[in-house]
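Bear in mind these aren't lab numbers, they're just calculated from the coordinates by the rules spelled out. These figures come from a predicted structure and were not determined experimentally. Cβ placement follows ideal geometry from the backbone for every residue including glycine, while neighbour counts extend to all protein chains displayed.
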């Protein structure tokens, strides 16, 4: 009888451990998605003080420095920083055309 209870407890502990691991994995995905959404949202807020510095660097054709500044300021990855600078360049060039 005691052996059956011990085996049952072991199975319950294993089941709960698996459920905990699944929940932690889902939480990591949600946190990653939230961070990505926050970074994308930054693209819409061009009132940040660093935007003028970025535009100046872009005008001086110093894209690498602009990407570095964007990464340091907003916490972007290298690819996100490059995309952000490209987005600013495109936005600024369309503004100049009008």
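Only helical runs count toward this figure. For the chain, summing -39,500 (n - 2.57) over DSSP H runs of n ≥ 4 and dividing by all residues gives -29500 deg cm²/dmol at 222 nm. Packing, taken as the mean count of other beta carbons within 10 Å per residue, orders the peptides 69-79, 16-26 from highest to lowest as 69-79, 16-26.
Estimated from the Cβ-Cβ distance and a Förster radius of 30 angstrom, the FRET efficiency linking residue 48 and residue 27 is about 0.55. Only alpha carbons enter this Debye calculation for the chain, each as an equal point scatterer, and the log10 of I(q)/I(0) it gives at q = 0.13, 0.17, 0.20, 0.25 Å⁻¹ is -0.58, -0.79, -0.95, -1.24. Would you please state the base-10 log of I(q)/I(0) at q = 0.18, 0.23, 0.25 1/Å for region 46-98, with intensities from the Debye formula using one equal scatterer on every alpha carbon? Taken in order of the listed q values, log10 I(q)/I(0) reads -0.50, -0.81, -0.94.
Calculated FRET efficiency, residue 90 and residue 19, Cβ-Cβ r, R0 41 Å, to nearest 0.05?
0.35
For region 46-98, the relative contact order works out to 30 percent when only alpha carbon pairs closer than 8 Å and six or more residues apart are counted.
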